[in-house]
1. Which condition number in (1) touching a residue at least 60 places away in the same chain (Cβ under 8 Å); (2) under 21 Å from the mean Cα position of the chain (by Cα); (3) within 11 Å of chain B (Cβ to nearest Cβ) is the one that A:Phe263 fails?
2. Checking the condition more than 23 Å from A:Ile287 (Cα to Cα) and either touching a residue at least 60 places away in the same chain (Cβ under 8 Å) or hydrophobic (A, V, I, L, M, F, W, C) (or both), which residue from A:Ala223, A:Ala181 passes?
3. Go through the range A:247-287 and report how many residues are at negative phi, at pLDDT below 85 and open to solvent by 30 Å² or more (accessible area, probe 1.4 Å).
4. Quick one: would you say B:Ala169 is farther than 12 Å from B:Ser74 by Cβ, at pLDDT 85 or above and touching a His at 6+ places or on another chain (Cβ under 7 Å)?
5. If a residue has to be within 25 Å of B:Val90 (Cβ to Cβ), away from chain A (no Cβ under 14 Å) and in contact (Cβ under 8 Å) with a residue 24 or more places away in the chain to count, how many in the range B:121-145 make the cut?
6. Quick one: would you say B:Tyr261 is of a type in the set (Phe, Trp, Tyr) and facing chain A (nearest Cβ under 10 Å)?
7. Residue check: is A:Ile91 farther than 30 Å from B:Trp224 by Cα, open to solvent by 50 Å² or more (accessible area, probe 1.4 Å) and part of a helix (DSSP H, G or I)?
8. Mind checking which helices (runs of 4 or more DSSP H) fall wholly inside the range B:59-173 and carry at least 1 residues that are within 18 Å of B:Ser199 (Cα to Cα) and open to solvent by less than 30 Å² (accessible area, probe 1.4 Å)?
Amino acid sequence: MLHFVLRRLGFAILVLIGTSIITFVVAFVVPADPAVTIAGAKADPQTLAMIRQQLGLNQPLYMQYAHYLGRVLHGDLGRSYIMRESVTRLIAQRFGATAILAICAMVLSLILGIAMGMIAALYKDRAIDNGLLVVSLGLISIPVFWLGTMLLVVGGLYLRSFPLGGFSGPRSLILPTLTLALGSGGYYSRILHTSLGEVMGQDYIRTALGKGLSRRAVMFKHAMANALLPLITLAGLDLAGLLSGVVLTETVFDWPGIGRLAFEAIFNLDIPLIMGTVLFSAFLIVIANLVVDLLYAWLDPRIRLGEQG
Amino acid sequence: MKRRLGAMEIVGLAMILTLIVVAVAAPLLAPYDPTRAVAPTYGEPGPPSRAFPLGTDELGRDVLSRIIYGARISLAVGVAGMLVTMTIGVAIGLLAGFFRGTVDVVLMRFTDVMLTLPGLLLAMALVAVLSPSLISILIVIGLVSWTQVARVVRAEALSVSQRDFMVAACSLGASSTRLILRHLLPNVLPLIVVMAALSTSGTLLLDAALSFLGLGVPPPTPSWGRMIEEAELYFRIAPWLAAFPGLAILYAVLGFNLFGYGYLRRQGR
């Protein structure tokens, strides 16, 4: 087990280094001259030279990257060009709103997905199963930003039961949560349906059915535990994605979270803030990956033993 | 393919075909010029009426005509983005699955790193840095969406490579290029077609999202995503402006999803 943990940890570090190189390249190499981006096209040569000096842009690229990595390792993601504040602090300020939304959305998507997936598998190949399949495909196919807008129109304008955006107490959470959960709930139900289908074809299930247990009992008591594994992986990664901010939903609902922060950063070409939000997101996903892998190995001995053998 | 198509695939194909017909025949089908002010209500959006079944926008342009013409740009971006995505994904997946060993490890670790990056954020940042144009959007869509394709194709290539006919061809002295192109690729092809359908739906959604955020194909090209973005300002007084283009996106994405998932379901995946 220790060997397994170490390997996963090593890989996580590798992935983070890779991610930091990619964000570094995107942010500093793609725009021809970051100094011009900061100072504007009309800046005089002295100002540009000064900015280059300050940012260390005269140094060779690998040195720049090393400095950048060194600062990131100390938790310093730089300062926002536009908001004149530390990127770490900006992200921390917005994290609360994003986290609440993320957790609500995740809980609701799992409830929806597990319920739909189980009912479909229980009535396999019958009308209910086919109906649920079409419903879940419909949910997957809805553009998230459009769903959010339509929910605002119906819930906020016609019914007048929900605020038209912003984060103001529990009621304001409902529409954005629905917006996020409907699509991923549909997706989870597909995943669970498929994995339940696979598990239900295995020998130990046939044994259980042969003993005379009902299909329902077998599914709940025997099949679910195994069938939920792929869903756990997916949900773990999705939660990390949600926690790092959902640009579209936060934009539609004027939600004061990290997604909107990233959106503003991109529009202002605020490079430290762009890199900060991308790196933060990658960091969360790597951690989630790691946790999911370990959880998986703990839950499923086949993986743990397979890796050792 | 010997087996008949399932009901879902037929419905999906029919939906895709009608879309193509609408896109090709747009000038014949659209009642008005999509870029001209045709309604007398110039200055504010007009609700659906007999003359304008889906209403008119704030510039007096006919929403129905704009949606019909929008099918052209949305489908074109969807299919072109899919081609970029599939080219990268299939190439990496086939190479990793065929050569295995070090090639596989390196390519798949790279894929894992790319999977870690937040796709939409990265796409937004790249488009913003490169400034939005058709080409930059296509490249960016391809760059952020190939990973899933590569993984699926790799898994399939891995299992096909170990089948007897591959071993036989290899021991007859066929070169790697020949093995991949003549023996491996045709056997992975059905799966590639399905992934192409699913990746088109993904591309359509991603392009719509970028357009909605103001990073789409520049105006006056009426893409569906951009129509929703423009409608956002008026959603309190004219919700139909956003509602109908959204339904069009839903229809297109659902068509490709029905086809792709229908096939996967028939294969028991």
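1. Answer for A:Phe263: the failing condition is (1).
2. Every option except A:Ala223 fails the conditions.
3. 2
4. Details: farther than 12 Å from B:Ser74 by Cβ: yes; at pLDDT 85 or above: yes; touching a His at 6+ places or on another chain (Cβ under 7 Å): yes.
It is true that B:Ala169 is farther than 12 Å from B:Ser74 by Cβ, at pLDDT 85 or above and touching a His at 6+ places or on another chain (Cβ under 7 Å).
5. At the first step, the residues of the range B:121-145 found to be within 25 Å of B:Val90 (Cβ to Cβ) are B:122-123, B:126-127, B:130, B:134-145.
With away from chain A (no Cβ under 14 Å) added as a condition, the list becomes B:134-135, B:137-138, B:141-142, B:145.
Of the ones still in play, those that are also in contact (Cβ under 8 Å) with a residue 24 or more places away in the chain are B:134, B:137-138, B:141-142, B:145.
Counting residues in the range B:121-145 that are within 25 Å of B:Val90 (Cβ to Cβ), away from chain A (no Cβ under 14 Å) and in contact (Cβ under 8 Å) with a residue 24 or more places away in the chain gives 6.
6. Working: of a type in the set (Phe, Trp, Tyr): yes; facing chain A (nearest Cβ under 10 Å): yes.
So B:Tyr261 passes the test.
7. Details: farther than 30 Å from B:Trp224 by Cα: yes; open to solvent by 50 Å² or more (accessible area, probe 1.4 Å): no; part of a helix (DSSP H, G or I): yes.
Criteria not met by A:Ile91.
8. Numbers: elements: B:63-99, B:101-116, B:119-130, B:134-161, B:164-171.
In the range B:59-173, the matching helices (runs of 4 or more DSSP H) lie at B:63-99, B:101-116, B:119-130, B:134-161.
The values are calculated or read from the model by the stated rules, or taken from the named source; none is laboratory data. Because the structure is a prediction, the values reported are computed rather than measured. In this analysis, Cβ positions are derived from the backbone assuming ideal geometry, glycine residues included, and neighbour counts consider all displayed protein chains. Note: accessible area is taken over every heavy atom of the protein model, side chains too, but ligands, DNA and RNA are not part of it. Shrake-Rupley method; radii C 1.70, N 1.55, O 1.52, S 1.80 Å.
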